Structure formats: structure tokens, C-alpha cells
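Colleague: Right, I'll just put the structure down here and ask away after.
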Amino acid sequence: MSIFNHFSKEERPFVERALEMLTQVERKQAMRLTDFVDPRQLMIFQSLSSQVSDVKVSPYGGYEGAERVRIIIHPEYLPVEPEDYRITLLAIKADQRFHVLEHRDVMGAMLGVGMKREKFGNMLTDSAGSYAIVAEEVADFVCAQVTQIHRTSVQFERVAWEAFTPPAPKFAEKTITVPSPRMDAIIGEVHNMSRAKALVPIRAGKVKINWKVIEDPSYQLQLGDMVSLAGYGRFKILEVAGPTRSGRLRMIVGLVT
């Protein structure tokens, strides 16, 4: 059985590139640094590492628990240091009295100046401050070009990692009831749309479950699943309670803010 049979059709171009990078490191015995990847893509790299010999996949996103990471592919005998990942931490200075910056605000502004998603890692916002983690090679560009976010003037400044404490993930909790844990039913309730309307983006490949595109509307969501709907943001299944008197399933979801 081909290794490509373990991945979806949409993932195969990425799988091919990942396998090529691993093979090059095995052959040349030299380090290779990737752009930022999501947890699903990291899993692909890790699973493919079994196809090569004495090659290690080492991820890092700037701090422990970072969702998006850069990967260094390297011979096992070569040590890796944090500076090898070429990751820069930028603090976002802004007057947030009238509008508190959210994750999607920061990401939208960076994409709006032509940044590719793979060039920046986690966007972190809370009452203590807002931060963007970016690839070193684009840090100066971000500082120069992103001067406004959601009509708020902003300034990006480099910050030393030693002075940084990552904020805890923020969720806006919402309680829903659904007839079943089907993906289309839950997405419809979370985003206040009919199941028929929810089917459109699902079948268009615009929904990811745990960073993997899922096009089956009957897919059963489980506790801890992270759901992303293009244009609407993300939410996580935080709690699954027992059925209501009417037999519907009660859930608490957390919308990523």
C-alpha cells in the first residue's frame, strides 16, 4: 500500500513536499527549516519520518504549547538550538479602549498586506497585551507595513523572548443543544444558521476538524475537537453533557476570540 493512501487527496501535495524535504536531509545530512505549520501538518511530517533513516523532526513555535510551529528537519546527531528556528516575537502596541484586538483582527491585517499564512505563527491577545509570532525573514516587513488593525492605529515592536509570558487561550463559551453530534448540526447551532446553509461550506471543503478538511456533514464531533469554518473563525468542543428532556444533546463550545 502506498503511503499516500493514508492521506486525503487535498493533503497529497503537502505530503509530497514533506517527503521530499525529509529525503533531502537524509541524503545531504544537513538541516532544513520549514515555514510555520499547523498541528495536522506537523503530524504528517512526524508520520513520514519513518520513511527515512536517522532523520529527526524537531518542532518549535516560540514557547511550549504553541499551536503553529516551524520544523527543523535534521540528522539525529546534529543538535538544534532555539535561535535556529529564526522566530521573532512582536508586541502590538495599540490603544484598545474602544476596540479590543482579537486573533482574527490581527491575522486579517497581516494577510491584508500580502503576508502568507505560513510566515507567521500564533497570534496572542489578552488584557495584558497582544503579540504576533513571525518568521524572522518577514519581521521588518510586518513592522513597516501593518500600521492599522480594524481602524485602530498599531505599532509592532520586537520583544525579547525572555520578557514574554504567553497568555492562556481565550474562549467565549456558548451552550447549544443539538439532535446529534453531527458536524452540520453543531456548526449550524454555533453559527446560527440552518443545517441546509451549513452544508454549503462543508461540501465546499471550507471546514476543518483538528486542522484536517472534512467534507462529510454526518461526521461525528467529539469532546476536544477544534472546528474551523472559513470566514467564521474557530470553536472547540469544551463539554458534552447528557441529553435534555426532549432528547437533544447539550454541549458547551468555546469560540476562539
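The values are calculated or read from the model by the stated rules, or taken from the named source; none is laboratory data. The shown structure was predicted, so the numbers you read here are calculated from the model rather than taken from an experiment. Because the Cβ atoms are built from the backbone with ideal geometry, glycine has one as well, and the counts that use them run over all protein chains shown. All accessible areas refer to the heavy atoms of the entire protein, side chains included, with ligands and DNA or RNA removed. Shrake-Rupley method; radii C 1.70, N 1.55, O 1.52, S 1.80 Å.
Colleague: Leaving out ligands and nucleic acids, note down the accessible area per residue over segment 110-225 with a 1.4 angstrom probe, in whole Å².
Modeller: 53 Å²
Colleague: Hey, another quick one. What length, rounded to one decimal in nm, is gained on full extension from Glu16 through to Phe4, with 0.36 nm per residue of separation minus their alpha-carbon distance?
Modeller: That works out to 3.5 nm of additional length.
Colleague: For Ile44, what charge total do you get from the other residues with a beta carbon under 11 Å from its beta carbon, if Lys and Arg give +1 and Asp and Glu give -1?
Modeller: +1
Colleague: For segment 27-86, what % of the accessible area comes from carbon and sulfur atoms, probe 1.4 Å?
Modeller: 45 percent
Colleague: Separate question: Using each residue's phi in segment 152-169, evaluate 6.51 cos²θ - 1.76 cosθ + 1.60 at θ = phi - 60° and report the 3J(HN,Hα) Karplus result to the nearest Hz, with x for Gly and Pro.
Modeller: Ordered by residue, 3J(HN,Hα) equals 10, 5, 9, 9, 8, 9, 5, 10, 6, 4, 5, 9, 10, 10, x, x, 5, x Hz.
Colleague: Once label points are set 7 Å from the Cα along Cα→Cβ at both Lys56 and His99, what is their separation, rounded to one decimal in nm?
Modeller: My value for the distance between the label points is 4.5 nm.
Colleague: Could you pull out the pairs from Lys174/Lys208; Lys28/Lys212; Lys206/Lys236; Lys174/Lys197; Lys116/Lys206 whose alpha carbons sit more than 22 Å apart here?
Modeller: The answer is Lys28/Lys212.
Colleague: Same structure, new question: What full-extension length gain, to one decimal in nm, is calculated for Arg248 and Arg40 as 0.36 nm per residue of separation minus the Cα-Cα distance?
Modeller: 71.7 nm
Colleague: May I pose another question? Compute the accessible area per residue over segment 2-104, keeping the other protein chains in place, probe 1.4 Å, unit Å².
Modeller: About 55 Å² of surface per residue is accessible.
Colleague: Looking at segment 172-201, which trypsin sites (Lys or Arg not before Pro) are in a loop (DSSP not H, G, I, E or B) and have at most 13 other Cβ atoms within 10 Å?
Modeller: Sites meeting the loop and neighbour criteria: none at all.
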